[in-house]
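I'd like to ask some things about the structure below.
Derivation of every value follows stated rules applied to the coordinates shown; laboratory data play no part. Just so it is clear, the structure is predicted and the values come from calculations on it, not from any experiment. Reconstructed Cβ throughout: ideal geometry from the backbone, glycine too, with neighbour counts over all protein chains shown.
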Amino acid sequence: MAGVANQNILLGVTGGIAAYKSVELARLLLKAGARVRVVMTEAATRFVSPLTFQAVTGHPVRSSLFDEEHEAAMGHIELARWADQMVIAPASADFMARMALGLANDLLSTLCLASASSIAIAPAMNQRMWQHPAVQRNLSRLEERGVRVLGPASGEQACGDTGPGRMLEPTAIVAALETASSEGLFAGEKVLITAGPTHEAIDPVRFIGNRSSGKMGYALARAFQHEGADVLLVSGPVSLPVPPGVNCINVQTALQMHEAVFENIDTVAIFVGCAAVADYRPENPQHQKIKKLSDRMDISLVRNPDILAEVATLEEGPYTLGFAAETQNLAENAQAKLLAKQVDMLAANSVGGDVGFDSDENALLVLWSEGEKHLPVQNKQQLAESLLRILADQYGRDE
Ligand code: C5P
């Protein structure tokens, strides 16, 4: 994304009381130099009149897919092509669900599918609705597809509740869209991230591997990309889509991951070792499927290279962030690993409970030589963004 000045911004407004704030959002986007067109859902028009947005933007507002007059002027596909960015504010629970499913049952949802532009959403809903697992699942799906989620903020709500679900203030939305420009936290920095497990072949159909979904590494790739970094992901076998704008080298084994990392390490400023690399691999992988002929089977294993430790001890190497998944004594083990691997920063998490591997949520204890910070249980994308802010602070200092 490239800020908002001189950008064609399609502002999508969905049905929620926060829709009235989007009038101010349209005004601020125009003031920041954007060209703004507004598309409203049917429900949004119950909260704010399209005429209000028309008066602010100087352009008619569209809300129907079957509007002959508007389709003759700028058809919906043309409108989808016109947009450099789409911002949906407020994004209701219903609209997020429709987006997550890929429905195209009104103009705005159709544009979300038809446009190649980046999409940001500013969710707004009652705090219970926001915390409902169905909404959180839709949120994760959207984030996995590269949708940028702005907010929501926490506080007093129009319905009288207090909690997360308030739409971010229009000034904060514009500021967030501006940050994704050349002024992002890691603008122009090259970052290499390892993610996912590695699979070490025993024979052509069996392997030794780790229980890693790759979600944290992919969330970090997305977060770095949003902050303007040039991201290279070296990924083990996972079933996640590569975030838009991120380059990816797919590997299966630790040796392949090692090779892909060291082919590129000279060019990067930051290395993030998020992969759950298998520490050992079978010494003699069989070329044919092993038959179960005896009651016992011994597999001889040999050590894999420690990619992170090797990168961290390079003489002119990049800034290094490592991860540690621990089942006990989190703080002590993490501190020991920070020193043993000589990494600049270590993010440790407990595994074995409800969070961690394969979960959408996690908590992290982040350590560096002069400090530490605890990031409480949250969605992995939000966690990645919080971690990046700590990293940006420390990386800036160490430069
Ligand atoms: O030693 P341990 O496996 O707990 O360390 C975890 C950290 O080291 C993670 O950042 C992981 O990506 C990295 N690692 C690595 N190569 C290995 C083993 C772990 O890069 N062979």
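Given labels modelled 7 Å from the Cα in the Cβ direction, how far is it in nm from Leu51 to Glu310?
My value for the distance between the label points is 7.0 nm.
Among Arg128, Arg303, rank each residue by its count of other Cβ atoms within 10 Å, from fewest to most, as a rough exposure measure.
Starting with the residue having the fewest Cβ neighbours, the order is Arg303, Arg128.
Moving on to the next point. If I stretch the segment between Glu78 and Thr267 completely, what's the gain in nm (0.36 nm per residue apart, minus their alpha carbon distance), one decimal?
Between Glu78 and Thr267, full extension yields an extra 64.1 nm.
Tell me the mean residue ellipticity at 222 nm calculated for the chain from its helices only (DSSP H runs of n ≥ 4, each -39500 (n - 2.57), averaged over every residue, nearest 500).
For the chain, the value works out to -10000 deg cm²/dmol.
Something else now. Report the extension gain between Ala331 and Thr171 in nm, rounded to one decimal, defined as 0.36 nm multiplied by the number of residues separating them, less their alpha carbon distance.
Gain on stretching Ala331 to Thr171: 53.7 nm.
Given an 8 Å cut-off on Cα distances and at least 6 residues of separation, report the relative contact order of the stretch 1-80 as a percent.
29 percent.
Plugging the Kirkwood radius over Cα pairs into Stokes-Einstein for the chain, at a temperature of 25 °C and a viscosity of 0.890 mPa s, what D comes out in µm²/s?
Translational D for this selection: 108 µm²/s.
Would you work out which of Leu111, Ser350, Tyr395 lies farthest towards the positive end of the dipole of the chain? Charges go on Cβ: Lys and Arg +1, Asp and Glu -1.
Leu111
Take every Cα pair under 8 Å in the chain that's 6+ residues apart, average their separations, divide by the length, and report that relative contact order as a whole percent.
11 percent
Okay, next question. Does the stretch 140-199 classify as rounded, prolate or oblate by the C-alpha gyration tensor (a ≥ b ≥ c root eigenvalues; a/c under 1.5 gives rounded; else a/b over b/c gives prolate, otherwise oblate)?
Oblate shape, in that a/c is at least 1.5 and b/c is the bigger or equal ratio.
Given the options Pro170, Val268, Gly146, identify the residue whose Cα lies farthest towards the positive end of the charge dipole of the stretch 146-269 (+1 on Cβ of Lys, Arg; -1 on Cβ of Asp, Glu).
Towards the positive end, the residue furthest out is Gly146.
Can you tell me the 0 to 90 degree angle between the C-alpha axis of helix 21-31 and the longest principal axis of the chain, rounded to 10?
Helix 21-31 and the main axis of the chain meet at about 90 degrees.
Moving on to the next point. Could you check what % of the DSSP bridge pairs in the chain are antiparallel, to the nearest 5?
Of all bridge pairs located within the chain, approximately 35 percent are antiparallel.
Another question, then. Evaluate the relative contact order of the stretch 190-395 (contact order divided by residue number), counting alpha-carbon pairs under 8 angstrom at least 6 apart; express in whole percent.
Computed value for the stretch 190-395: 20 percent relative contact order.
Quick one: length gained pulling Glu283 to Leu301 fully straight, 0.36 nm per residue minus the C-alpha distance?
Result: 6.0 nm gained on full extension.
Once label points are set 7 Å from the Cα along Cα→Cβ at both Gln256 and Ser294, what is their separation, rounded to one decimal in nm?
The modelled label-to-label distance comes out at 3.0 nm.
Grab the beta carbon distance between Ala340 and Arg128, set R0 = 56 Å, and tell me the FRET efficiency rounded to 0.05.
Once the sixth-power term is evaluated, E becomes 0.80.
Right, another one. Starting from the Cα of Lys380, draw a straight line to each of the aspartates and glutamates and keep only those under 13 Å, dropping any in the same chain fewer than 8 residues away.
Glu143, Glu144, Asp358, Asp360, Glu361
Looking only at Phe271, Phe95, Phe47, which one moves most when the chain is put into a Gaussian network model with springs between Cα atoms under 10 Å?
Among Phe271, Phe95, Phe47, the largest GNM mean-square fluctuation belongs to Phe47.
While we're on this one: Can you classify the stretch 190-395 as rounded, prolate or oblate using the Cα gyration tensor, where a ≥ b ≥ c are the square roots of its eigenvalues, rounded means a/c under 1.5, and otherwise it's prolate if a/b beats b/c and oblate if not?
Prolate is the answer for the stretch 190-395, as a/c is 1.5 or above and a/b outweighs b/c.
Which pairs, out of Lys31/Lys190; Lys190/Lys341; Lys215/Lys292, put more than 30 Å between their alpha-carbon atoms?
Lys31/Lys190; Lys215/Lys292, as the Cα separations exceed 30 Å there.
Turning to a different aspect of this structure: Between the stretch 1-57 and the stretch 180-221, how far is it from one alpha carbon centroid to the other, in angstrom?
For the stretch 1-57 versus the stretch 180-221, the Cα centre distance is 36 Å.
If the reach is capped at under 13 angstrom between alpha carbons, list the aspartates and glutamates near Lys21, excluding any in the same chain fewer than eight residues apart.
Filter leaves Glu169.
Follow-up. For the chain, with a Gaussian network of springs between Cα atoms less than 10 Å apart, report the residue from Asp94, Asp230, Asp295 with the top mean-square fluctuation.
Taking springs between Cα atoms under 10 Å, the residue moving most is Asp295.
I've got another one for you. With everything on Cα atoms, drop me the angle between helix 215-226 and the longest principal axis of the chain, reported from 0 to 90° to the nearest 10.
50 degrees
Follow-up. Is the stretch 1-81 rounded, prolate or oblate when judged by the Cα gyration tensor, a ≥ b ≥ c being the square roots of its eigenvalues, rounded requiring a/c under 1.5 and prolate requiring a/b larger than b/c?
oblate
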